[in-house]
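Student: Here's a structure for you.
The values are calculated or read from the model by the stated rules, or taken from the named source; none is laboratory data. Predicted model only: the values in this text are computed from it and were never measured. Methodologically, a virtual Cβ is constructed for each residue, glycine included, from the backbone with ideal geometry; neighbour enumeration extends over all protein chains shown. Quick note on the areas: whole protein, heavy atoms, side chains included, nothing else; ligands and nucleic acids left out. Shrake-Rupley method; radii C 1.70, N 1.55, O 1.52, S 1.80 Å.
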Amino acid sequence: QVQLVESGGGEVQPGGSLRLSCAASTIIFRLNAMGWYRQAPGKQREFVAGMAPGGRLNYAESVKGRFTLSRDNAKNTVYLQMNSLKPEDTAVYYCNVQINVQVYWGQGTQVTVSS
């Protein structure tokens, strides 16, 4: 059974930083495509950043230059470093991984950007 566990969310002031983690229990991130998504209250879940198995990165325009996705193969964990946070970044952040045609999601971690 694939389990993804996100952590690192919290409340931060505008301009601050957070680093989210997504740890996988039974799959290997470097062999599968993965992504970070977010869902704000009353809005649809949207793509934030993704990494192909070969390491190619892709970011939403709204986070380019502020967010960085990275992977630690030894720990089987991916990270989302979020800098220069804005109130509009407030959302529940989810990681996912695609294995063949199946997509698995974590439980999400809340990020709140507020003064």
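Student: With +1 on each Lys and Arg Cβ and -1 on each Asp and Glu Cβ, how big is the dipole of the chain about its Cα centre, in debye rounded to the nearest 20? Can you show the working numbers first?
Tutor: Values: 11 positive and 7 negative charges, 49 e Å.
That gives the chain a dipole magnitude of about 240 debye.
Student: Which FRET efficiency value, to the nearest 0.05, is calculated for residue 99 and residue 66 with the Förster distance at 30 angstrom and r the Cβ-Cβ distance? Don't skip to the answer; put the middle values down first.
Tutor: Working: r = 29 Å, r/R0 = 0.97.
For R0 = 30 Å, the calculated efficiency reads 0.55.
Student: For the chain, which span is the longest to avoid every loop-located (per DSSP) member of trypsin sites (Lys or Arg not before Pro) having at most 11 other Cβ atoms inside 10 Å?
Tutor: The segment 65-115 is the longest one with no such site.
Student: Would you work out the relative contact order for the chain, in percent, from Cα pairs under 8 angstrom that are 6 or more residues apart?
Tutor: Across the chain, relative contact order equals 37 percent.
Student: Two-decimal Rg/Rh of the stretch 20-81 from alpha-carbon positions, Kirkwood Rh?
Tutor: The Rg/Rh ratio comes out at 0.98.
Student: How much area per residue is accessible in the stretch 1-61 when the probe is 1.4 Å and only protein heavy atoms are counted (Å²)?
Tutor: I get 57 Å² per residue for this part.
Student: How large, in percent, is the carbon and sulfur part of the accessible surface of the chain at a probe radius of 1.4 Å? Walk me through the numbers on the way to the answer.
Tutor: Numbers: 2850 of 6190 Å².
The C+S portion of the solvent-accessible surface of the chain is 46 percent.
Student: Going 7 Å from the Cα of residue 110 in the Cα-to-Cβ direction, what parts of the stretch 79-94 have a backbone nitrogen less than 18 Å from that spot?
Tutor: Residues passing the 18 Å test: 86-94.
Student: Related question: Only Cα pairs within less than 10 Å get springs; with that Gaussian network setup on the chain, which residue of 17, 62, 84 has the largest fluctuation?
Tutor: 62
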